[in-house]
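I have placed the structure first, in the form of structure tokens, so that the comments after it can refer back to it.
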Amino acid sequence: MVTFYCVKCRAKKEVEESATEKRTLKNGRPALAAKCPDCGTGMFKIVSSK
Ligand SMILES: [Zn+2]
């Protein structure tokens, strides 16, 4: 599970990793995108390098 913050619900939401989408930002940083399971708002998260 991946934890996102939904700005609309103002709460943390857990999303299945398979429901997330990998993105790469303009600066080359990897990020994950997903939709809030409750309101459908797009959520975005920068993946911290491990
Ligand atoms: Zn939401």
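Of the residues making up segment 15-29, just one is of a type in the set (K, R) and within 12 Å of V2 (Cβ to Cβ), namely K22. Considering only residues in segment 5-35 that are aliphatic (A, V, I, L, M) and within 12 Å of the ligand (Cβ to nearest atom), the one that is farthest from K45 (Cα to Cα) turns out to be A11. Selection of segment 19-50 for residues being of a type in the set (D, E, K, R) and within 12 Å of the chain's Cα centre (by Cα) yields E21, K22, R23, K35, K45. If you go through segment 30-41 and keep only what is of a type outside the set (K, R) and either under 10 Å from F4 (Cα atoms) or outside any strand (DSSP E or B) (or both), you end up with L32, A33, A34, C36, P37, D38, C39, G40, T41. Of the residues that make up segment 5-22, is at least one touching a Ser or Thr at 6+ places or on another chain (Cβ under 7 Å) and free of Cβ contacts under 8 Å to residues at least 12 places away in the same chain? The answer is yes; a qualifying residue exists.
Bear in mind these aren't lab numbers, they're just calculated from the coordinates by the rules spelled out. Here the structure is a predicted model, which means the values were calculated and not measured. Neighbour counts run over all protein chains shown; Cβ positions are idealised from the backbone, glycine included.
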